[in-house]
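Take a look at the structure set out below.
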Amino acid sequence: MLLEGRDLAVRYRVSGGLLRSRWLTAVDGASLSLSSGGTLGVVGESGCGKSTLGRALIGLAPLAAGELRWQGQRVDGLSARGWRRLRRELQIVFQDPLGSLDPRMTVGQSVAEPLAVFEPSLSRAARRTRVGETLERVGLPAGAADRYPHEFSGGQCQRIGIARAVILKPRLVVCDEPVSALDVSVQGQVVNLLRELRDDLGLAYLFISHNLAVVRHLSTEVVVMYLGRVMESGPRDAIYGRPLHPYTRMLLDAVPVADPQIERHRTRTLPSGELPSPLSPPDGCVFRTRCPLAEARCAERRPLLQEAAPGHRIACHRWREWPTGLNTPPDR
Amino acid sequence: MALLELESLHVRFRTREGELEAVRGMDLAVEPGECVAIVGESGSGKSQTLLAATGMLAANGTASGRVAFEGESLLGQPARLARVRGPGIGYVFQDALGSLTPHLTVGAQLAEALAVHHGVSAADARTEARRMLERVQVPDPDARLGQYPHELSGGTRQRVAIAAALMPQPRLLIADEPTTALDVTVQAQVVALFRDLRASLGMALVLVTHDLGVVAGLADRVIVMYAGRIVEEGPAVALFASPRHPYTAGLLAALPRLDDDLAAPMRTIPGVPPGAGRDAGCAFRYRCGHASGRCEVRPDLAGSGSSRVACHHPRDPGGGS
Amino acid sequence: MASAGLWSDAWARLAANRAAMTSAALLVVLTLLALLGPMSSPYAPDAIDWEHMAVPPSLESGHWLGTDRLGRDLFVRTLHGARLSLAVALLATLVSLLIGVTWGAVAGFAGGRTDALMMRAVDVLYALPQVFFVIILTVLFDRSVFLLFVAIGAVGWLTMARVVRGQALALRQREFVEAAVASGAGPVRIVFGHIIPNLMGPVIVYATLMIPQMILVESFLSFLGIGIQEPLASLGNLIADGSAEMETAPWILLVPASCLVLIVFSFNFLGDGLRDALDPRER
Ligand SMILES: Nc1ncnc2c1ncn2[C@@H]1O[C@H](COP(=O)(O)OP(=O)(O)OP(=O)(O)O)[C@@H](O)[C@H]1O
Ligand code: SF4
Ligand code: SF4
Ligand SMILES: [Mg+2]
C-alpha cells in the first residue's frame, strides 16, 4: 500500500477569540487506502470534508486522530519539517487554476519551485530545460515559462499547476476539484491529461470532486463522504453499478441527464430537509435527518463501516433492506 | 406579442485595455409562459445580455440596440425599467447571499418586495411572504421569517431569493446560474421547484446556465452563445437530439455522463475559449473540426421556423453528433 | 525581483496616468528646488533685508515671492520649509514603514492568538488621540526635530500595521501560498519569495499616501507651536506666521500654503495613480 489511513479525524478551531473556542470536526473516523498507480475518487457535497481529508493525507491539515502510513511508515504526528522532506513524493493540484499560481512569478518560476527546493544544485540551464520539458509534457509551449499566469486561460493555468505538481515525478498527487472551475469544453482536456500522466509516470491520485461523472472517469476506487464521515467506499464499478448506501443512491440519482425527454419525466428521491450544521452533527447516523429509511436505531447507534462485498464497505444499519438496482426506497 | 424582445443588442465595456464588446448583436424573443435557456462558456456574454436588457450593467458598460418588454422599449428608460422590474421581470442570481439584503430578515425582505409595488398592508404582506416560502418549499417557514440571510444554508438561501423574486408575481423570471453554487441534490430540488412553479404560475423563465443537464430538465427552447453571439437556437428536444452547430455538438459530447465509455478518453473541444478580440470570421474556427476557407467570413444566423444556426457547414439535422 | 514583467506592466499603467505623472514630475522639481534652490538665491533664510520688509512678490525688489515682516526672503524660506517638512515626513514614513510592516507581517503570518494580542495592542494605541500623544511625547522629552518625526512615525505605524496584517492574513490563505507549502518550500522561502513580493504593491501605495498626512501632521504641530521652532522654517510655522498677517500681507500666508497644497495634492495623486497601477484586482 502506498497510503493507508485508519480512523482519521481533523478538527478545526472555530470562533472564540482569546479564550473560548469551539471545535468543528471536518473529518471523523475516515479510513482509506490507496495503492501505487491507483486513483481514489472522493465524492460528496460541499462541506463534507473532501478537501480537508485530501489535505490531511499530505500533511497540509493537522490530523487530530488516527493512523496514517505512507509506504508503510507512520506519518501522523510528523513535524512540518518532516512533511517537507516527503513533499518530493506528495503533490497537489488545486481547484482555482489562477489562484494557485503566484501572480508575481513567471510560469517558469512557479513550475520550477519544487526543483528549487529539492534540487538546489541544479544549474540554471538544466532547470530551464526541465521546466520546458514538463510544460511541453502538459501540452504547453516551452516558451510559456517566461510569461505570467494572468496571460493564460483557466484550462492553461490548470496545466501549469499540473506541471508544477509532476515536475519531481511524485508518487501521489492530490487533485482537489481540478476541473470544477473550468468550462465543460475544456474539462475533458484536463481529465485526459491527468490520465495520460498517471499511465506514463506511474502516479497515484486522490481525486476529489463533487462531479460524479468526472470521478468515474479516473477512479479505480471511490469514497463517498457526508458530513465528515465515510458513508460508502469500494471499487468504482461497485459504487456506480451497485450503490448500497441510501446517500450514494440519492447522490447518483440527482445527477441530471442531458436529455430533455428523460429529464422531464423523471421523479427522483432526494435527501429531505437541510444539511445539518457540521458544528453539531446528528448523533447516531449523521445522515438520519435526511434519510428516507431512518428509524429509531439510526439515532441510537452510529453505523460502522462494514464489508458488504470484498472491498465494498458501507456504513448503514439498513442497507440490506433496500433492494439493489432499485432507485426508489421501500416505504418508511 | 412577445413578452421580452431583444433586437441586435450590443454590450460594450470600456476597460484599461480598450473597448471590449461582450455581446455582439443578440436577437431574442421570449413568449409568455415559455422557458428559454441560454447556454455557453464563461465569458460568452450570457449574463451581460440579460443585465443589459434589465438596465443593470456595470458602470463602464453601455448597451445599444432595442429591448422591449410587452412592446414598451426599455433601453435608456430608467423610469420605465424601475416600474417593470419586480412585477414585470423578476431576477434570481447565482450568488443568492449577494442578492439578499444582509440586515433584513427574510420576512421583511419578502414583504418589502410586495409593499414597494402593490401597496399591500404590512400584515397582509407577511402572510403572503409566509405563503410564498411554503410555495418554494422552504423547510420550517415560520422560523425562517425571522432569520437573516447569512443564517441560511445555500439551498434555502436560493429558495428565499426565488421567493423574493416571485413575490410581486412577475410575468418573466430571469434566473442567472441559479443552481451553479449548489450541490447536485439541492440543484435537483431547485430544478424541480422551477418546473413546478412554472406549471402553477404560468410565468416565462429565462435561464442562464452552462449546465446542460439543468437545461434539459427545464427549457422549451435553447439558445447557444459563443463569443458574444448566438450560434444556434432551437427547441430543446431537437437541439439535444441533433445539434447542428459544431460547437453545440462538441459541448454535448464533452459533457461528462454517468454512462460514458471509460475505455476511451473523455471527449473535449480542442483549443481554448476565445478572448475578447475582434474577429472577421467564425469565432469558433480555431477549435472547429469542420472549418474551411469559407469560415474566414462570419456566418449569419439563418434557418427556418424556430431552429437557426450560424455555420457554413452545419451538421445534418437528422444525424446527431 | 525577477517578476519584472508585472512591475513593468504597472509602470506602463502609471506612465499612462497623466495626473500621477504630472504630480511625480512636480514632486521631483520641488524636491530639487528645495535642495538646490536656496543656493541659487543671494538671500539666506534668516537674513534680514532692512530695505524690503513685508514687500509683496515683485521682480524689482529682488524678492520675487516677497518677504515677511522681518524682511526675510519668502522664496528661500518656503523652500527651506518644504525641505524640512519633506524630510520630517519621509523619515516619519520610514519609521512607520519599518515598525508597521514588521509588526503587521508577523501578526499576519503567525495568526491565532499571537495575532489577536498584537492587533489588540494596536487597537488600544489607536484609541488614544494621536495629537495628544505627540504632545505628551514632546513635553516629556526635549523638543527636537529628531524627536518630532519619531513621535509622528510612532503614531503613523498603526495604520501601516493594520494594512500589512490584513494583506498578510489574506495572502496566507491564498491558494498559491498553500501551493508553495505543498511544493516543499519552508517559511523563509514563502515569506520572502511569495508573501513580501505580493505585499509590496499596497505598501508602496500606503507609504505614498502617508507622506502628505505626515506633512500635514508636522505642519499642524508646528502651527500649534509645538513642532519646529523659529528661526528654522517649516511649512507649518511659515503658515502660522503668515496667518497672523493674513489681512495686511496675504502673500506671507499664500506662498507657503500653496507650496503645502501642491505637495499634498501631488502625493495624493501619485498615490492614487500607484494604487490603480498596482491593483491586482484589475488583472
Ligand atoms: N480553516 C478552517 N477553519 C474552520 N473550518 C473549516 C476550515 N476549513 C474547512 N472548514 C470546515 O470544514 C468542513 C469541511 O470542509 P472541506 O473544505 O473539507 O469541505 P469540501 O468537501 O471540500 O467542500 P467543497 O465541495 O465546498 O470544497 C466544512 O464545514 C468547512 O466549513
Ligand atoms: S443508518 Fe439509518 S439513517 Fe443512516 S443511512 Fe442507514 S438507514 Fe439511513
Ligand atoms: S462556420 Fe466553419 S468554423 Fe464556424 S462552426 Fe461552422 S464549420 Fe466551424
Ligand atoms: Mg473543497
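The 3J(HN,Hα) values that the Karplus relation (6.51, -1.76, 1.60; θ = phi - 60°) gives for region B:207-216 are, in residue order, 10, 9, 7, 9, 9, 5, x, 5, 4, 4 Hz. Gly and Pro appear as x.
Interface size between chain B and chain A, please: total buried accessible area, 1.4 Å probe, rounded to the nearest 100 Å². Don't skip to the answer; put the middle values down first.
Numbers: alone 14940 and 16250 Å², together 27630 Å².
Chain pair B/A: roughly 3600 Å² of buried accessible area.
Determine the per residue accessible area of region A:3-321 with all protein chains present and a 1.4 angstrom probe, expressed in square angstrom. Can you show the working numbers first?
Values: 12130 Å² over 319 residues.
Per residue, region A:3-321 has an accessible area of 38 Å².
Net charge in the neighbourhood of C:Gly37 (other residues with Cβ under 14 Å of its Cβ; Lys, Arg +1, Asp, Glu -1) is +1.
Mind checking which helices in chain B clear 20 Å along their axis (Cα) and have mean Kyte-Doolittle hydropathy of 0.0 or more, DSSP H runs only?
Values: long enough: B:184-201 (25 Å, 0.86).
The answer, listed by residue number, is B:184-201.
Of the peptides B:155-167, A:95-107, the order by per-residue mean of other Cβ atoms within 10 Å, starting with the highest, comes out as B:155-167, A:95-107.
Interface size between chain A and chain C, please: total buried accessible area, 1.4 Å probe, rounded to the nearest 100 Å². Walk me through the numbers before you get to the answer.
Details: alone 16250 and 14930 Å², together 28550 Å².
It comes to approximately 2600 Å² buried between A and C.
For A:Met231, the residues whose amide H sits under 5 Å from its own are A:Val224, A:Met225, A:Tyr226, ignoring neighbours fewer than 5 places away on the same chain, with H placed 1.01 Å from N. Normalised by 2.2 N^0.38 Å, where N counts its residues, the alpha-carbon radius of gyration of chain B equals 1.04.
Averaging 1/r over each pair of different alpha-carbon atoms in chain A and inverting the result gives 21.2 Å, the Kirkwood hydrodynamic radius. Restricting to bridges with both residues inside region A:3-321, how much of the DSSP beta-bridge set is antiparallel, in percent to the nearest 5? Bridges in region A:3-321 that DSSP calls antiparallel: roughly 60 percent. Relative to its Kirkwood radius, the Cα radius of gyration of the protein assembly as shown gives an Rg/Rh of 1.03.
Residues whose amide H falls under 5 Å from that of A:Gly284, counting only those 5 or more places apart or on a different chain, are A:Arg302, with hydrogens built in the peptide plane. For chain C, relative contact order (Cα pairs under 8 Å, six or more residues apart, normalised by length) works out to 25 percent. Taking Cα centre as origin and charging only the Cβ of basic (Lys, Arg, +1) and acidic (Asp, Glu, -1) residues, the dipole magnitude of region B:50-159 rounds to 200 debye.
On average, how many beta carbons from a partner chain sit within 10 Å of the beta carbon of a residue in A:94-104? Write out the running numbers ahead of the final one.
Values: counts 5, 1, 3, 1, 3, 5, 8, 3, 13, 8, 15.
For this peptide, the per-residue mean of nearby foreign Cβ atoms is 6.
Evaluating 6.51 cos²θ - 1.76 cosθ + 1.60 at θ = phi - 60° for every residue in region C:183-199, the Karplus couplings come out as 6, x, 5, x, x, 5, 4, 5, 5, 7, x, 10, 6, 4, x, 7, 8 Hz, glycine and proline recorded as x. Averaged over peptide C:64-77, the number of partner chain Cβ atoms lying within 10 Å of each residue's Cβ comes to 0. Dipole check for region A:3-321: with +1 at the C-beta of Lys and Arg, -1 at the C-beta of Asp and Glu, and the Cα centre as origin, the magnitude is about 740 Debye.
Estimated from helices alone, the mean residue ellipticity of chain C at 222 nm is -25000 deg cm²/dmol (sum of -39500 (n - 2.57) over DSSP H runs with n ≥ 4, per residue). For C:Ile228, nonlocal amide neighbours, meaning residues 5 or more places apart or on other chains whose placed amide H falls under 5 Å from its own, are C:Ser222.
Share of carbon and sulfur in the accessible area of chain C stands at 70%, probe radius 1.4 Å.
Within the accessible area of chain B, what % is carbon and sulfur when the probe is 1.4 Å and the other protein chains stay in place? Before the final figure, lay out each step's value.
On the way: 6700 of 13060 Å².
Heavy-atom surface of chain B belonging to carbon and sulfur, 1.4 Å probe: 51 percent.
What is the average number of partner chain Cβ atoms found within 10 Å of a Cβ in A:39-51?
Values: counts 0, 0, 0, 0, 1, 1, 6, 5, 3, 1, 0, 0, 0.
Across A:39-51, the average partner-chain Cβ count within 10 Å equals 1.
Mean separation of Cα pairs under 8 Å and 6+ residues apart, divided by the residue count of chain B: what relative contact order is that in percent? Walk me through the intermediate numbers first.
Details: 612 pairs, mean separation 62.7, N = 321.
Once divided by the residue count of chain B, the mean separation gives 20 percent.
Heavy-atom accessible surface of region C:184-283, averaged per residue, reaches 43 Å², computed with a 1.4 Å probe.
Helix C:4-15 axis versus longest C-alpha principal axis of chain C: approximately 40°, rounded to the nearest ten.
Cα gyration tensor of region B:1-105, axes a ≥ b ≥ c as square roots of the eigenvalues: rounded (a/c below 1.5), prolate (a/b > b/c) or oblate? Since a/c stays below 1.5, the shape of region B:1-105 is classed as rounded.
The values are calculated or read from the model by the stated rules, or taken from the named source; none is laboratory data. Just so you know, these numbers come straight off a predicted model, no measurement behind them. All Cβ positions, even for glycine, are placed from backbone atoms using ideal geometry, and neighbour counts span all protein chains on display. Only protein heavy atoms, including side chains, enter the accessible area calculation; ligands, DNA and RNA are left aside. Shrake-Rupley method; radii C 1.70, N 1.55, O 1.52, S 1.80 Å.
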